[in-house]
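Working notes, beginning with the structure itself.
The values are calculated or read from the model by the stated rules, or taken from the named source; none is laboratory data. Just so we're clear, the structure is a prediction, and the values are computed from it rather than from any experiment. A quick note on method: Cβ atoms are made from the backbone with ideal geometry, for glycine too, and the neighbour counts reach across all protein chains shown. SASA here: full protein model, heavy atoms, side chains in, ligands and nucleic acids out. Shrake-Rupley method; radii C 1.70, N 1.55, O 1.52, S 1.80 Å.
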Amino acid sequence: MTERPVDVEPGGQNVAGETPVEEPEAVTDDTTVHDDDVELERTIGLVGGLAIGIGTMIGAGIFVFPGLAADNAGLAATLSFAIGGLIALLVALPTSELATAMPRSGGGYYFISRGMGTAYGAIVGLGLWLGLMFASAFYLVGLGHYASAVFAELGVALPFSPVIGIGLLFGAALTALSIGGTENTAKIQNVVVGVLLVVLTGFLSYGVLDAVGVFGGGSVPEQFFSRGYFPVLTTAALVFTSYLGFAQVATVAGEIKQPGRNLPLAMVGSVLIVTVFYVVTIFVATSAFGADRLGQFGETAMVEVARDFLGLPGAVAILGAGLLATFSSANASILSASRAVYALSRDALLPRKASEVNLRYGTPHVALLAAGGPILVLVATGQVELLAEVASFLHLIMYGLMCVALIVLRRRNPEWYSPSYRVPGYPVVPAVGALASFGLIAFMQPASIGIGILVMLVSYLWYRYYAGDVTLKGDI
Amino acid sequence: MTDRPSILVPIRVLEGESVPEGVPELLAHAHVVLLGYHVIPEQTAPGQAQMQFEDRAGERLDEYETIFEAAGATVERRLVFTHDGQKTIDRMTTEHDCRAVLVPNATGPVEDVLVAVRGAVGVDRLARVVAGLFGETDASVTLYHVAGPDETDEDVGTLLEGMVNRLEEQGIDASRIETRIDRDQEALDAIIETADTFDTVVMGETDPSLSTFVFGMPADQVADRFLGPVFVVQRESTLNEEEG
């Protein structure tokens, strides 16, 4: 068993007079050890970690974006997803190193607050919390589209569009379930992800064979850059929401068994797996219909693709998978948001009350409500692309800063920083990762950038007002 | 002092579970590894529960520690916040090299102990636990075996004889030891039925199999139905087996 001491001492206090909780004494393969023989058990294995990463990501990229992306970039949307995947990988590698050095709850927020100080930490931490809410809302609107498509399939004509109503309903139900439910959600998540991967592999294999002409016909080769080059990048910025999940693995880093081995594998593995699925999905979808028609189908384009290949059973399978995937993504994001609130409250950047545990259910009801409530407001806007981009914006800021934090820590090389996994290609990989993360933001819509900057500004002001005296930076 | 066997005593410290009556006396001659644990739902980070409950749980463990020490045991303690109680118990057993895990149920003063002897494997550990815990008491020890259809009386006799010898070597007077054999019964039901007239049960751990997966570990079933304290003697860790 490897036992490493943790030697970061936070200090100061916030407006309410609360101080950051003391850091643990050591981190082992199975526990986080605090003084007085108090231990926190690590219970999530590699499969669980991969399920969190893949489960969070796969909902968006496959079931919501193909139509929108093809509409924006044509067949070159495949390239957009590949670019997104590459950037995610460039960030996932440095994140893995940081996570093995600091396998604690809070993920990116924790690394940045310890590596670069409280101000950056507060911006990222509050941004992560809000970013996850935007992401959740985005998944819930996607879920609403799929549920509406079910109604359409059943031939139920509704006098109004049920998308937002259903999104709100599921948002409220998810929050309530997370507060009151004690069933084994992680096991369910593992099964859901397994089922999704099987359904998708079957569907995509058929699609690829069809596209290359095995089943006769083949598809009309289309001009790759039918919309020009620039939309490839704006589309990459839009669909980057499909790659936010690997960082959620880091938010539960404190609960991962053998963190030195499982964290890098789960993060890098989940990015690689979803990238392959995304690229193949877009390839299959665009070759089935061509970008123009695909774009007209909007959020539930994949249902039409499946119908084209396999008739009604295909459409039903993809509808079901879409419901499952968007639901599991929304669920994972709400839980991660609540973990982010806990990490902030532990460090006195939010009131201690915010991470209070409910005595009846043992769940963090304040943190879950603090995530679930605003999500409903965001769902009500129904703006899929805006929600997705703001979520991506806030995450990209964190990703870029994580890469910077890694470079800072490596240069100063403090004694407590001893990652068991070291990023290959230092300093090029983290430097390119940081530049790519910040660079991608430039290709977003002005409205998304505006909202993102506003969130950062408010986060910073909150830190100055509430916790200006709190120091979290490790001794470097 | 003779070799005190390390006994893991897991207690769900925040769910109203406390040290049941009679258990401190039962463990007077043991080295108690007192595990206070709290199982939390997956929505909650273990650290979150720790932040809120550590003090309260700590106070209770202080109390229990005092009770065990007053009864004569040596005590080592741990407080663990976990999503998976069984993983925590298994890990503690290994880390502290515990010879047995106690399923803590209430009991009166212990006058007779039922020791379920399953087979030749592990009798040494079984004997050490029994001798360590009850060697210096006046309790009578009954070695119990449920014979299978292809076991002769001779086989069973040799098995229990060997166990009696081991106990004698470790200082238990033969007059305190009885043996009892049953046949043509399902082992688990027989143990539970027989246990009824005893104060406590010591039995071995079973290898996990499909039926233990479906019905739960036999030791847990015994504990559930017997309602008294059950010592589950742990298998030798693989490490030791390799050495042996």
request  = Could you work out how far apart the two model spin labels at A:Asp35 and B:Glu161 are, taking each label as a point 7 Å from the Cα in the direction of the beta carbon, and quote it in nm?
outcome  = 6.0
ask   = Can you tell me the accessible area per residue over the range A:42-467, all protein chains present, probe 1.4 angstrom, in square angstrom?
value = 33
query = Which loop GluC sites (Glu not before Pro) in the range B:92-144, with loop taken from DSSP, have no more than 16 other Cβ atoms within 10 angstrom of their Cβ?
reply = B:Glu111, B:Glu136
key: Area accessible to solvent at B:Ile172, 1.4 Å probe radius, in Å²   = 0
ask   = Within the range B:188-206, what residues put their amide N at less than 15 Å from the label point 7 Å along the Cα-to-Cβ vector of B:Asp112?
value = B:191-202
Ranking by accessible area, most exposed first, for A:Lys473, B:Lys87 with a 1.4 Å probe = A:Lys473, B:Lys87
inquiry  = Just want to confirm a number: the relative contact order over the range A:119-206, from Cα pairs under 8 angstrom separated by 6+ residues, in percent.
reply    = 25
ask   = Which value, in Å² rounded to 10, gives the accessible area of A:Arg422 with a 1.4 Å probe and all protein chains present?
value = 120
note = Both in Å, the radius of gyration and Dmax of the C-alpha trace of chain B are 18.3, 60
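Taking 0.36 nm per residue of sequence separation and subtracting the Cα-Cα distance, how much length would be gained by fully extending the chain between A:Lys353 and A:Phe230, in nm to one decimal?
That pair, A:Lys353 and A:Phe230, stretches by 39.6 nm at full extension.
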request  = Sort out for me the Cα centre separation of the range A:139-163 from the range A:109-128, rounded to whole Å.
outcome  = 39
message = For the pair B:Asp97/B:Glu178, report the inter-label distance in nm, with labels modelled 7 Å from Cα in the Cβ direction.
response = 3.6
request  = Have a look at B:Gly108, B:Gly85, B:Gly16 and tell me which one the Gaussian network model of chain B (Cα, springs below 10 Å) gives the largest fluctuation.
outcome  = B:Gly16
remark   = Note on chain B: contact order normalised by length, alpha-carbon pairs under 8 Å, 6 or more apart, percent, works out to 22
inquiry  = Given a 10 angstrom Cα cut-off, can you work out which residue in B:Asp184, B:Asp150, B:Asp112 is the most mobile in a GNM of chain B?
reply    = B:Asp150
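Grab the Cα-Cα distance for A:Arg464 and A:Val212, subtract it from 0.36 nm times how many residues apart they are, and report the gain in nm with one decimal.
84.9 nm
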ask   = In deg cm²/dmol and to the nearest 500, what is the mean residue ellipticity at 222 nm of chain A if only DSSP H runs of at least 4 residues count, each as -39500 (n - 2.57), divided by the residue total?
value = -23500 deg cm²/dmol
request  = Give the accessible area for A:Leu386 in Å² (nearest 10); use a 1.4 Å probe, count only protein heavy atoms, and leave out ligands, DNA and RNA.
outcome  = 50
task = Choose one answer from B:Thr93, B:Thr158, B:Thr137: the residue with the largest mean-square fluctuation in a GNM of chain B with alpha-carbon springs under 10 Å.
result = B:Thr158
request  = Quickly work out the A:Asp292-to-A:Ser418 label distance, labels modelled 7 Å from Cα along the C-beta direction, and quote it in nm with one decimal.
outcome  = 6.4
Cα centroid of the range B:15-52 to Cα centroid of the range B:149-209, whole Å = 31
task = Take every DSSP beta bridge whose two residues both sit in the protein assembly as shown, then give the antiparallel share in percent to the nearest 5.
result = 25
query = With all pairs of different alpha carbon atoms counted, what Kirkwood hydrodynamic radius in Å does chain A show?
reply = 22.3
ask   = Which is farthest toward the positive dipole end of chain A among A:Ala186, A:Gly49, A:Gly74, measuring Cα position about the Cα centre, with Cβ charges +1 (Lys, Arg) and -1 (Asp, Glu)?
value = A:Gly74
task = Find me the longest stretch of chain A that has none of the exposed chymotrypsin sites (Phe, Trp or Tyr not before Pro), where exposed means in a DSSP loop (not H, G, I, E or B) with at most 15 other Cβ atoms within 10 Å.
result = A:230-476
query = A:Phe160 to A:Tyr426: extension gain in nm, 0.36 nm per residue of separation minus the Cα-Cα distance?
reply = 90.3 nm
task = Note the buried accessible area between B and A here, summed over both chains, with a 1.4 Å probe, in Å² to the nearest 100.
result = 2600
inquiry  = Quick test of the membrane-span-like rule: which DSSP H helices of chain A reach at least 24 Å along their long axis (C-alpha atoms) with mean Kyte hydropathy at least 0.0?
reply    = A:46-63, A:77-101, A:118-154, A:163-180, A:185-211, A:259-289, A:301-346, A:365-381, A:384-412, A:446-467
ask   = Between the DSSP loop rule and a limit of at most 15 other Cβ atoms within 10 Å, which GluC sites (Glu not before Pro) in the range A:385-476 are left?
value = A:Glu415
task = For the range A:228-283 and the range A:67-92, write down the distance between their C-alpha centroids in whole Å.
result = 12
